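Remarks on the structure that follows.
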Amino acid sequence: MVRGRATGWLQAAGVLLLAVSQSMAGFPPPAVAAPAMRIGLGSGEDRLVVLEAAGGLRLVDAATGNAPWKDLFQGPTRVVLLGAGEVRTIFRVQVGTFTSEEVAETLAARLGRELHEQTDVHHDSQRRLYRVRVGTLDQRTAAAALASRLVAMGYADAWVARETVGYSDDGRLRIVDQNYLEQTLELRRLVAFPAGRGLVKVNQRHYRGIIEIFIDDGGRLRVVNVVNLEDYLKGVVPDEMGPGVYPEPEALMAQAVAARTYAVRNRGQYADNGFDICDSPRCQVYGGADSEHSMSDQAVAGTRGMVVTSEGELANTLFTSTCGGHTEDVENVFPEDSEPYLKGVVCTPERDERRQVVSYLDGRHDLAYLSRAPDLARGIARLVVQGVVESAFITSEGMDQALGAERWQDWLQRLAPHLGREPLPRKDLSGGVRRGRMARDLVDLMGWQERLERLFQMADAAVVLGLAPGDPLPRKVREGGGPQLALLTRDSLIPFTMVVGPAVWSDEVRAVEALTVLARLAERYVDEPVTRLRVATTSGGKLESEEGESLELAEDLFLFGATERGPVPVGRLALTRHEPVLVHLNSAGRIDYLEATRPFRSLSDDRFSTRHHWETSISRKDLSRKLGRGLDFGDLLDLEVVRRGVSGRVAEMKVMGSKGTATLRGFDIRVALGLMETLFTVDRQHGPDGRVRTFTFAGKGWGHGVGLCQVGAFGMAVRGLNHREILHHYYTGVDLVLLAEHPELLAAKAEP
């Protein structure tokens, strides 16, 4: 068949060929193995594309295969759109969506007569629906007024949509080589491919297959990557589910099958624009060869040709990033859809399996030091496991006592090697350690005498110490370590609380104060004493890591849990499988320090997502402006959840305003409110006048919540489930088949 306008492309027996006259000399592009996909790169709003290929680039006429200018281009080569009209933005009102083309066309015709506005019907091949849109307006406010008029006429779901359009059909292509020589062409379509076996570089990204550059019917410059389906998936799977973040082969294989099914099912979706599907999140994110990863490549190869079907037809394999522990029935998110296999399912292990997901560790139960130095508890614990501070000293009694000179010098002696410094000579000091003495020792240990002399003014020291800035420092202050104390305080190594009050340089130092200072010093200047690993299981006093290590736990184990504000010491810590932790091993090879790196979120399989749960607030006035862009309800008064779906997602919501009420349904709720998901609750803060001042949305998940949960698939793979089990879990009652055994699935999409 012929694709597009005067393309010359033929699809015969599943292989793309270029129709080239045998009598004409040219450079026909290499054949792209079937099944082939046409991927639209970019938005179509650019007027220039930069191409390059190692070993040289060929640019030929798509209709003949002849080179319209040079046989070979070296270095960056630009193709520029000349003469076509500018692309502009218009606003239209979508009245509704219909499964019947006849119903949609009838409504469009009637509205055109009644409103005297342009109306048309757009076929959405992805959802197999017909959308009726009215008007072509330059201003959103005018479109909002038209939407209000339609709502008053009984079309309650009318909303404002934004479109970009091009115009003028007199565009031409110009080629500019690396030496800025140029040639303007009469033709409107080129094909670019490497002269050798390499890849084509398009605007700094590399692609397999060949590249078409053409002017579409709207006057836009289109860039299309014609690529084999399996090669296309190599650039999709790692962008949709990064192997570096989610390194589970079975989850990546499930993603590959879902992405393959989506691609084949939606071939021809953008046929009017000259390609099959786009490269953005609107379709599937496609990064070309630069995105490829060995692990996702193996996932694509391991599922080659596998797709999801239902009753003999390709399934609508919707997938969402993070479902928040439960997916949703499709009709509650996309009301126009009703696929029986897109049902809400739990994304949490069964009760018996939960014991395999979570385990507990017990550590030190004397946590009194937490209240003594809450911000430095981790640093103090690390000083202990590094052998700087005695473990038995970290008690309420030990930390509250005055710091003896012998102990202070012991700590400095042990810390020096970790800092890469020579230990200070021991001094015969009687009694305790004064704050000025502590500061002088630290400056001497770090070798900061020159820093003190050249980078710190004594007038500044006076201010830090609470003395008159115009007067010179008293001798007893200078000799007592006052300047050193001020320097370290300014540099945030000594807390300001230690320099409050008169004669602070001569006050005795308590142990907790010295530990705080040493912990700050170590956190800034000592290499991390910990290593990172991922938890597989913990039992019998051992931790098994996913890296294959079996490590014993020390009896006097420091445990730190993670919170949004940082790590805190705990006596018992819950760990889930695949959780990254930081550990320190003592001289016997046992773990004596373990720190969780992220807060406990849930037992659900999608707990690994940073967007598993979230909270955001917006003022009523700002939300009123946001919603008012597409709805006419006056001044926002409140929101009311009318109906929730099986997962708890908001399926229908009323927007109550001073002029009336508007209704939002399904995914439109997320778009209108600007939230991550529709699985949320609404809190309100009221002002003195009793009106809502602020709306706070607390929610879970990221995406639309229908179909395969990508992070949930990863969690299932962590638990040992394979890609078939994952797909059957999220897509109820489907079949997994191979395209090679069902060629009709490809044939059904041959005509876009």
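Numbers below:
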read-out: Calculated [θ] (222 nm, deg cm²/dmol) that DSSP helices of n ≥ 4 give over the chain, each run adding -39,500 (n - 2.57); value: -7500 deg cm²/dmol
read-out: Selection from 522, 538, 483, by position along the positive dipole direction of region 446-569 (Cβ); value: 483
read-out: Inter-probe distance in nm under a simple model that places probes 7 Å from Cα toward Cβ, at residue 471 and residue 615; value: 5.0 nm
read-out: Amide H contacts under 5 Å for residue 657, placed H, 5+ residues apart; value: 637, 662
read-out: Whichever lysines have a C-alpha closer than 25 Å to that of residue 621, once near sequence neighbours (fewer than 8 apart) are set aside; value: 654, 659, 700
read-out: Computed magnitude of the charge dipole of region 613-700 (debye, nearest 20; Cβ of K, R +1, Cβ of D, E -1); value: 80 debye
read-out: Orphan Cys of the chain, criterion: no other Cys C-beta under 4.7 Å; value: 347
read-out: Fully extended contour minus Cα-Cα distance, from residue 295 to residue 136, at 0.36 nm per residue; value: 52.5 nm
read-out: Convex hull volume per residue in cubic angstrom - Cα atoms of the chain; value: 242 Å³
read-out: Sequence-distant residues sharing a close amide H with residue 607 (under 5 Å, placed H); value: none
read-out: Full-stretch length increase - residue 642, residue 525 - with 0.36 nm per residue and alpha-carbon distance subtracted; value: 36.4 nm
read-out: Note, ³J(HN,Hα) from phi for region 694-708, Karplus 6.51, -1.76, 1.60, rounded to Hz, x at Gly and Pro; value: 9, 9, 10, 9, 10, x, 9, x, 8, x, 9, x, 10, x, 6
read-out: Efficiency of FRET from Cβ geometry, residue 449 and residue 414, R₀ 22 Å, rounded to 0.05; value: 0.45
read-out: Full-stretch length increase - residue 70, residue 661 - with 0.36 nm per residue and alpha-carbon distance subtracted; value: 206.4 nm
read-out: Sequence of 347, 323 once ranked by neighbouring C-beta atoms within 10 Å, starting from the fewest; value: 347, 323
read-out: ³J(HN,Hα) computed for each position of region 217-232 - Karplus, 6.51 cos²θ - 1.76 cosθ + 1.60, integer Hz, glycine/proline x; value: 5, x, x, 8, 7, 10, 10, 10, 9, 8, 8, 4, 3, 5, 5, 4
read-out: Built amide H within the under 5 Å cut-off of residue 120, gap 5+; value: 133
read-out: Dipole magnitude of region 395-446 about its Cα centre (Cβ charges: Lys, Arg +1; Asp, Glu -1), debye to nearest 20; value: 200 debye
read-out: Farthest toward positive dipole pole in the chain [+1 Lys/Arg, -1 Asp/Glu at C-beta], among 112, 740, 75; value: 112
read-out: Only Lys, Arg (+1) and Asp, Glu (-1) charged, at Cβ; the chain dipole about Cα centre in debye; value: 1420 debye
read-out: Considering only the chain, percent of DSSP beta bridges that pair antiparallel, nearest 5; value: 95 percent
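Read-outs throughout are calculated quantities, based only on the coordinates presented, and are distinct from any laboratory measurement. It should be emphasised that the depicted structure is a prediction, and the values quoted were computed from it without experimental measurement. With ideal geometry, Cβ positions are generated from the backbone for all residues, glycine too; neighbour counts draw on all protein chains shown.
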